[in-house]
1. Relative contact order for the chain: what is it in percent, counting Cα pairs under 8 Å that are at least 6 residues apart?
2. Hey, of (1) 1.59; (2) 2.03; (3) 2.23, which did the structure itself give for Cα Rg over 2.2 N^0.38 Å when calculated?
Amino acid sequence: MRADKNESDDELRARLEKLQAALGKQEAERRAETGEGLPVGGSFGKALSAGFTVLSEFVAAILVGALIGWQADLWLGTKPWLLVLFLGLGVAAGFYNVFRFAAPKDARGGG
């Protein structure tokens, strides 16, 4: 009885390994045909990092501009004009930060 169980376990393992090999081969063929999958070499991680950097700089510039304008309006009693002004400056600063990040060095005027 024990020998029969070992034989059936060995047969099942052999079948499982055969199926895994066949599935791996089919998956490799599919990827070769369609070109799907994540980029190799860490480029996906670099792109994700760059995206988060640009997003955080853009949002931070807008928030800082809005907070400065809001506080200046409270101090000077000019609601909502300084908030609008500094919010616009924050948006402009955010776009400038995105430009600095994305543009080549020669387009930025730096060497």
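1. 21 percent
2. Here Cα Rg over 2.2 N^0.38 Å agrees with entry (3).
Every number here is computed from the coordinates shown, using simple stated rules; none is lab data. Note that the structure is predicted; figures quoted are calculated from it, not measured.
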